[in-house]
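K.L.:
Dropping a structure here in structure tokens format, bear with me for questions.
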Amino acid sequence: MIDPTPTTWLLRGGRVIDPATATDDVMDLEVTVGGPSAGVRRFRGSPIPPGTVVTELAGKVVVPAFVEIHAHLREPGGEVSETIASGLAAARAGGYGTVLVMANTTPANDEPSVTRRMLAAAEAAATGVRMLPVSAATKGLAGREPAAWREQVEAGCVAISDDGKPVHDRRILREVLAAARDLGVAYLSHAECPQLFHGPIHDGEAARRLGVQGIPTTCESDCVQAEIALAEEMGARIHICHVSTTASIAALRAARERGVRCSAEATPHHLLLTDDEFLRRGPDTSLKMNPPLRPAADRDALREATLAGIVEAVGTDHAPHAPHLKARGLADAPFGAIGMESAFAVLHESLVLRAGWPLPVLVERMTLGPARVAGISGGRLFEGAAALTVIDPNARFEVRAENFRSKSRNCPFEGWTGQGRVVGTLLGGSWTSSTAPGGV
Ligand SMILES: [Zn+2]
């Protein structure tokens, strides 16, 4: 659709949505790559500079490239499931221009040599996607000794998290919250009470029918309440990852009303699926994730809170696991689902087309929302280097994980069909067409 080499593009006639500037209008955009005038500007019909490549985008939607606040790219140590190169290619296919990557690699990203190795791999992959590492909170994610937070931030980490595990020791958690506050970075909490964590799925009807132990909602919400209370006492800021229960949302809402600086993200799977999926599909391990899929009441509360902005960000918790790992059966397979290549399409179909969400709200939760709560640049169309995603709201899609750039196939939306998908990205100075999550 767009010539890959020029330095100036004129994108004509698309619907431009940029939440940072409250823009939602059909307009022409001039995109310049390189030089002092690099960036995206509204084009107001003056003579088209020579050498400009003109692209007609009537009927398409131009948005800031999405910001993924929560992904696991598995490198170093888990390359059988994903590499930084394959993960960033998956991100780009899904319309993401920035990806925060979690520290539960092997070794864990708890010191600058790991961060530097990851950043070098991202640069070598040359996907145009900006990868931002998250530092472990504790050495080896073991919850006992502090990671090298200041050195990690100096090496390029933008947040602190032991995601995958809670920081259970209150003394260490105090230190982590204080360090995040003093270093001006976000603390991303994987809120979970270890003593309540049993079994592979939610503690409900599906668990009983499958004859497995279940994880109660209090496993998450008790920890959310306790951590918010600690952050409040310390005057620190806290971000809750992948929130999934009505009680967690109530705690967030109440804290925000008291002025506590807390935020949260929702995953596409918690927004769109419930544990009833197990009754329909049996013990499908692509539905096994942590926190687990919850009942409809929790899903509905999460939707309402995300629409209302109590939950400000959508993050996929992209968690690749190679097929042989997910083939171990429901009890033994690892937790997690991949998400970046299907996120926009399934959310657009379910929330915008079927549930009536305004498209700019969904765009905001995937761009400015996550950028703001992570305290990073990006997710803003008219700031910084050009990073934009083009959506065709009328294009059909069918989710077929076999077509994904990700090395893994554990997608809970396999077989979903609908309308509206990412058709391309302009990142790192180049245009790439995309058919995520697979054209039909
Ligand atoms: Zn987590």
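The values are calculated or read from the model by the stated rules, or taken from the named source; none is laboratory data. As the structure is a prediction and not an experimental result, all values here were calculated from the model. Heads up, the Cβs are rebuilt from the backbone with ideal geometry, glycines too, and the neighbour counts pull from every protein chain shown. Just so you know, the surface numbers come from the protein's heavy atoms only, side chains and all, with ligands and any DNA or RNA stripped out. Shrake-Rupley method; radii C 1.70, N 1.55, O 1.52, S 1.80 Å.
K.L.:
Please go through segment 182-238 and give me each residue that is under 20 Å from Thr274 (Cα atoms) and among the hydroxyl-bearing types (Ser, Thr, Tyr), ordered by number.
P.N.:
Result: Thr217, Thr218, Ser221.
K.L.:
When you scan segment 109-129, do you find a residue that is crowded, with 18+ Cβ neighbours inside 10 Å and part of a strand (DSSP E or B), even just one?
P.N.:
Scanning segment 109-129 turns up no residue that is crowded, with 18+ Cβ neighbours inside 10 Å and part of a strand (DSSP E or B).
K.L.:
Can you tell me which residues in segment 26-69 are touching a residue at least 24 places away in the same chain (Cβ under 8 Å), over 29 Å from the mean Cα position of the chain (by Cα) and open to solvent by 10 Å² or more (accessible area, probe 1.4 Å)?
P.N.:
Gly35, Phe43, Ile48, Pro49, Gly51, Thr52, Val53, Val54, Glu56
K.L.:
Further, regarding this structure: Looking at Leu359, Leu347 in this structure, which one is open to solvent by less than 10 Å² (accessible area, probe 1.4 Å) and assigned by TED's automatic domain parsing to the domain that holds Leu302?
P.N.:
Result of the check over Leu359, Leu347: Leu347.
K.L.:
Among residues belonging to segment 131-142 that are open to solvent by 10 Å² or more (accessible area, probe 1.4 Å) and touching an Asp or Glu at 6+ places or on another chain (Cβ under 6 Å), point out the one that is nearest to His72 (Cα to Cα).
P.N.:
Restricting to residues being open to solvent by 10 Å² or more (accessible area, probe 1.4 Å) and touching an Asp or Glu at 6+ places or on another chain (Cβ under 6 Å), the top hit is Leu141.
K.L.:
Please tell me if Ser406 is assigned to a loop (DSSP other than H, G, I, E, B) and open to solvent by 20 Å² or more (accessible area, probe 1.4 Å).
P.N.:
Details: assigned to a loop (DSSP other than H, G, I, E, B): yes; open to solvent by 20 Å² or more (accessible area, probe 1.4 Å): no.
Answer is no for this residue.
K.L.:
With the requirement that a residue be touching a strand residue (DSSP E or B) at 6+ places or on another chain (Cβ under 8 Å), among the hydrophobic types (A, V, I, L, M, F, W, C) and more than 16 Å from the ligand (Cβ to nearest atom), what does segment 231-245 give you?
P.N.:
If the condition is that a residue be touching a strand residue (DSSP E or B) at 6+ places or on another chain (Cβ under 8 Å), among the hydrophobic types (A, V, I, L, M, F, W, C) and more than 16 Å from the ligand (Cβ to nearest atom), then Ala231, Ala236 are the ones that fit.
K.L.:
Name the residues in segment 412-423 that are closer than 17 Å to Arg92 by Cα and either open to solvent by 30 Å² or more (accessible area, probe 1.4 Å) or assigned to a loop (DSSP other than H, G, I, E, B) (or both), would you?
P.N.:
Within segment 412-423, just Arg421 meets the criteria.
K.L.:
Any idea which of (1) surrounded by fewer than 16 Cβ atoms within 10 Å (Cβ to Cβ); (2) farther than 30 Å from Arg400 by Cβ; (3) modelled with pLDDT of 95 or more; (4) in contact with a helix residue (DSSP H, G or I) (Cβ under 8 Å, 6 or more places away or on another chain) is the one Ala229 doesn't satisfy?
P.N.:
Failed condition: (4).
K.L.:
Determine which single condition Gly214 fails, assuming it passes every other condition in (1) small (Gly, Ala, Ser); (2) over 30 Å from Gly282 (Cβ atoms); (3) away from the ligand (no atom under 15 Å from the Cβ); (4) in contact with a strand residue (DSSP E or B) (Cβ under 6 Å, 6 or more places away or on another chain).
P.N.:
Answer for Gly214: the failing condition is (2).
K.L.:
So, in segment 275-325, of the ones that are among the acidic types (Asp, Glu) and away from the ligand (no atom under 15 Å from the Cβ), which residue ends up most open to solvent (accessible area, probe 1.4 Å)?
P.N.:
The selected residue is Glu304.
K.L.:
Next up: For segment 257-270: of the residues being away from the ligand (no atom under 16 Å from the Cβ) and within 22 Å of the chain's Cα centre (by Cα), which is most open to solvent (accessible area, probe 1.4 Å)? Give the steps one after another, and end with the answer.
P.N.:
Initial filter on segment 257-270 (away from the ligand (no atom under 16 Å from the Cβ)): 257-262.
Add one more test, that the residue is within 22 Å of the chain's Cα centre (by Cα), and what stays is 261-262.
Working: Arg261: 123, Cys262: 8 Å².
The extreme case among them is Arg261.
K.L.:
On to the next question. Exactly one condition in (1) at negative phi; (2) open to solvent by 20 Å² or more (accessible area, probe 1.4 Å) is false for Gly164; which is it?
P.N.:
Of (1) at negative phi; (2) open to solvent by 20 Å² or more (accessible area, probe 1.4 Å), only one is false for Gly164: (1).
K.L.:
Taking only pairs six or more apart or across chains, which ones have beta-carbon atoms under 8 Å, a first residue in segment 240-266 that is touching a residue at least 12 places away in the same chain (Cβ under 8 Å) and of a type in the set (D, E, K, R), and a second residue that is within 16 Å of the ligand (Cβ to nearest atom) and assigned to a loop (DSSP other than H, G, I, E, B)?
P.N.:
Listed pairs, sorted by first residue: Glu265/Cys241; Glu265/His242; Glu265/Val243; Glu265/Val311; Glu265/Gly315.
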